[in-house]
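Can you read through this structure? Questions will come right after.
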Amino acid sequence: MAKKKGEIKNVGLQREIGRRILIVRGKRVMMDRDLAELYNVSTKRLNEQVKRNNERFPEDFMFKLAKNEKDELVAKCDRFKTLKHSSSLPNVFTEHGALMLANVLKSHIAMEISILVVRAFIQIREILSTHAELQRKIDSMEKKYDAKFQVVFTAIKKLMEPPPDKPKRRIGF
């Protein structure tokens, strides 16, 4: 089955959306500014709509970052450097909050993009569950085979671990 021209573009956009999903407080979320850009509205307008429809955004749909969370985000991600001197704390939205935003904004673009946002969240969920399943399989194989394969299992587990944070160089004396 051949893909349509628009579908190819959507796949690339879906990947880009997936890159913008962050993990904060153990939840997969997207920043208000990223969603505003995707939904083709200003961040100010997006947050105005959230305030006007506050009852549609409970804590499990949206929450405001704490100052230390914002500072950590700015330190780790170059694309958030403009937040460094901002006095307001950004909102972050879970998958359900991103979908509710599309309903609140009521634009055609928001409706189309919300489908891609949900698909990106689903794709990340599937990747993480595959990773967990692979870990379980390795653990069961490790129990089954003798110590000769221990080196192989150790190497595989090491490859599955996320890279450690690089130590920060001290600035000044």
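The values are calculated or read from the model by the stated rules, or taken from the named source; none is laboratory data. The model shown is predicted, which means the values in this text are computed figures rather than measured ones. Cβ coordinates were reconstructed from backbone atoms using ideal geometry, including for glycine residues, and neighbour counts include every protein chain displayed.
In the list Arg52, Arg56, which residue meets the criterion of being over 14 Å from the mean Cα position of the chain (by Cα), surrounded by 12 or more Cβ atoms within 10 Å (Cβ to Cβ) and more than 21 Å from Gly18 (Cβ to Cβ)?
Arg56
Another question about this same structure. Got at least one residue in the stretch 91-99 being over 19 Å from Gln14 (Cα atoms) and of a type outside the set (A, V, I, L, M)?
Yes, there is a match, as at least one residue in the stretch 91-99 is over 19 Å from Gln14 (Cα atoms) and of a type outside the set (A, V, I, L, M).
Is it the case, given these coordinates, that Gly12 is surrounded by 14 or more Cβ atoms within 10 Å (Cβ to Cβ), at pLDDT below 85 and out of contact with any strand residue (DSSP E or B) (no Cβ under 8 Å at 6 or more places or on another chain)?
no
Can Gly12 be described as under 15 Å from the mean Cα position of the chain (by Cα) and of a type outside the set (Asp, Glu)?
In short, no.
Can you find a residue in the stretch 68-89 that is within 18 Å of the chain's Cα centre (by Cα), modelled with pLDDT of 90 or more and within 22 Å of Glu16 (Cβ to Cβ)?
no
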